[in-house]
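Below: one structure, written as structure tokens.
The values are calculated or read from the model by the stated rules, or taken from the named source; none is laboratory data. Since the structure is predicted, the reported quantities are computational estimates derived from the model, not experimental observations. All Cβ positions, even for glycine, are placed from backbone atoms using ideal geometry, and neighbour counts span all protein chains on display.
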Amino acid sequence: MTKIFNTAHSRAGFTLIELLIVVAIIGILSSIAIPQYAKYRKGAQDNAAQAAYHAIATSQEAFFATEGTYAPNYTTLSMTGGLVKDQNVYYGSLSLYVNSTTELPGFRFTVRHKADGSTVYLYDSARSGSTVRTSTSTSLTSSTW
């Protein structure tokens, strides 16, 4: 009876080789999955910054259509109900200017995601659109462009 008990007991569990193979497979799968997850996350953060970027540009144009001038700051845009700020996006400087060639008013602003500030979006109304810049700088003044 003792011999039967010892034989049954020694068969329970996994061998060291089996455990090492499982650990190796998990390591290989995680080495593939983690970079893909980071890439997916950065893409989502860029999309959030782009959404804020388009919201500001649209809000400024709507403000201009009703008021005849661009809003001087984000607070004015928010108070008019035209802009709802995303808490995950860093809103850089918003500056107004008059184009010296056409003498038309214009505006510039920059945005980036707070978690990953490597992609910065600059909007300049005189250029009718955007400039995307990859930078490690946390300063988002339009004069640095």
Just need a number here: residues in segment 40-87 that are over 17 Å from L122 (Cα atoms), among the polar types (S, T, N, Q), within 22 Å of the chain's Cα centre (by Cα) and surrounded by 13 or more Cβ atoms within 10 Å (Cβ to Cβ).
-> 1
Would you check which residues across segment 89-115 are of a type in the set (S, T, N, Q) and either farther than 18 Å from Y70 by Cβ or modelled with pLDDT of 80 or more (or both) and list them?
-> T110
Residue pairs within 6 Å by beta carbon, gap of at least six or interchain, first lying in segment 103-117 and closer than 17 Å to Y74 by Cα and in contact (Cβ under 8 Å) with a residue 24 or more places away in the chain, second part of a strand (DSSP E or B) and charged (D, E, K, R), listed first then second, are R108/D124
Can you name the residue in segment 116-130 that is charged (D, E, K, R) and within 20 Å of A65 (Cα to Cα) and is also modelled with the highest pLDDT among such residues?
-> D124
Checklist (1) polar (S, T, N, Q); (2) touching a Phe, Trp or Tyr at 6+ places or on another chain (Cβ under 7 Å); (3) at pLDDT 80 or above applied to T80, failing item = (3)
